[in-house]
Amino acid sequence: MKGLYLSVLGDAEIFIDGISATPQPGTALFVPANRLGGLSISPLRILGIENVEAFLNAGRLRLPLPPRAVTVLRWNWANEWRAWVGDHRPEFLYAGDYDWAGVSIFEHEVLPISSEAKFLVPDNLHERLQTGNAALFQSQEDKYQRYQPVSTHGAIIYDAVRECRHALEQESLIEL
């Protein structure tokens, strides 16, 4: 399935060819790649989200979220999506996993699309990492221990993960 899953935070709106296509709260809209040319959003703010559970519960993530944004699931970010972002230049926020792989994904897949993108960091990241996933950290340690973050937010997350020796999966930030 080539295309994007989109949803909204607050009263953000999605339009396809000028016609409202905003999904109901708690649901998502699939936009096929061949329809991205007709996509417009209001406000011009994107929140990229790493996993399905967090995407469907974006408004309940314990992160410094904007009051209004169009959320997009980070799957199938193909050339059509990259072109749309390049043409429209939305404010781009990102919520991923708080581990070394999450930093790498942000810096190698998100920043090339939007160089001004910001990785949202929970206010209490160190505290949350203390009870995070040690096994996930250990599984990434050999591959990423020499990784050099290139972004401010990536460095904050990378250093916190190294210090705490735990990883934090994004879905653990969903407020129940």
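A compact table of results
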quantity: Nearest-10 value in Å² for the accessible area of H126, using the 1.4 Å probe; calculated: 80
quantity: Crossing angle, helix 134-144 versus the chain [Cα axis fit, 0-90 degrees, rounded to tens]; calculated: 90
quantity: Karplus 3J(HN,Hα) series, Hz, for the range 163-176 with 6.51 cos²θ - 1.76 cosθ + 1.60 (x for Gly, Pro); calculated: 5, 7, 6, 9, 10, 10, 7, 3, 5, 6, 8, 6, 7, 7
quantity: Full-extension gain in nm, R62 to R165, via 0.36 nm per residue minus C-alpha separation; calculated: 34.9 nm
quantity: Accessible area (Å², 1.4 Å probe, nearest 10) - F137; calculated: 0
quantity: Local electrostatic count, P149, Cβ distance below 15 Å [Lys/Arg +1, Asp/Glu -1]; calculated: -2
quantity: At R0 = 25 Å, FRET efficiency that the Cβ-Cβ distance of L44 and N124 yields, to 0.05; calculated: 0.25
quantity: Stretch gain in nm, segment Q24-M1, where the contour uses 0.36 nm per residue and the Cα spacing is subtracted; calculated: 6.1 nm
quantity: FRET efficiency for Q138 and H88, using Cβ-Cβ distance with R0 set to 41 Å, rounded to 0.05; calculated: 0.50
quantity: Cα long-axis angle, helix 79-88 against the chain (0 to 90 degrees, to the nearest 10); calculated: 80
quantity: Coil-residue GluC sites (Glu not before Pro) of the range 45-141, DSSP, other Cβ within 10 Å capped at 12; calculated: E116
quantity: The chain, helix-only ellipticity at 222 nm - DSSP H runs n ≥ 4, -39,500 (n - 2.57), divided by all residues, nearest 500; calculated: -8000 deg cm²/dmol
quantity: Extension gain, D11 back to A33 (0.36 nm per residue minus Cα-Cα distance, nm); calculated: 5.5 nm
quantity: Stokes-Einstein D for the range 63-132, Kirkwood Rh over Cα pairs, 37 °C, 0.692 mPa s (µm²/s); calculated: 247
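The values are calculated or read from the model by the stated rules, or taken from the named source; none is laboratory data. Because the structure is predicted, anything quoted here is derived from the model rather than measured. Cβ: placed from backbone, ideal geometry, glycine included. Neighbour counts: every protein chain shown. SASA here: full protein model, heavy atoms, side chains in, ligands and nucleic acids out. Shrake-Rupley method; radii C 1.70, N 1.55, O 1.52, S 1.80 Å.
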